[in-house]
Amino acid sequence: MHFKLIIAFVEDDKIDLVLATARENGAKGATVINNARGEGMKQQRTFFGLSLESQRDVLLMLVEEHLSRHILEKIATVAEFDSKPGTGIAFQIDVEDAIGVSHQVEKLTHEIEDKL
């Protein structure tokens, strides 16, 4: 079984919605890294050196490759990545190998048999 890593930079107030949506669409778990900061095309606004931009959380999800694009599209929709500038981004990368996911492989095999 092959996996993709979905990495999403999500507004803090949308993380629960994005996690729930990912799970509903096949993700089995996630790692959330809180309070990430970044900068897009426009520089962040500051007030005496303090950022006025909202914090982002980084969401890492190891998902089965046949489910990855669908999950990516669903989380992009609920998080409004394409409809509102500056709300966040998500992308997927290939995973060459993964250890510690055998319990997920067993469950996923039954769920995606028709897609393989």
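Could we say that Lys74 is buried (at least 17 other Cβ atoms within 10 Å of the Cβ) and closer than 24 Å to Asn34 by Cβ here?
yes
Of the conditions (1) at pLDDT 90 or above; (2) more than 28 Å from Met1 (Cα to Cα); (3) surrounded by 10 or more Cβ atoms within 10 Å (Cβ to Cβ), Lys84 satisfies every one except a single condition; which number is it?
Answer for Lys84: the failing condition is (1).
Looking for whichever is closer than 14 Å to Gly29 by Cβ, modelled with pLDDT of 90 or more and of a type in the set (Val, Ile, Thr) here; the options are Val63, Val78, Val95, Val58. Which one fits?
None of the other options fit; the residue is Val63.
The values are calculated or read from the model by the stated rules, or taken from the named source; none is laboratory data. Bear in mind the structure is a predicted one, so any value in this text is a computation, not a measurement. Positions of Cβ are generated from backbone atoms using ideal geometry, with glycine treated the same way; all protein chains shown enter the neighbour counts.
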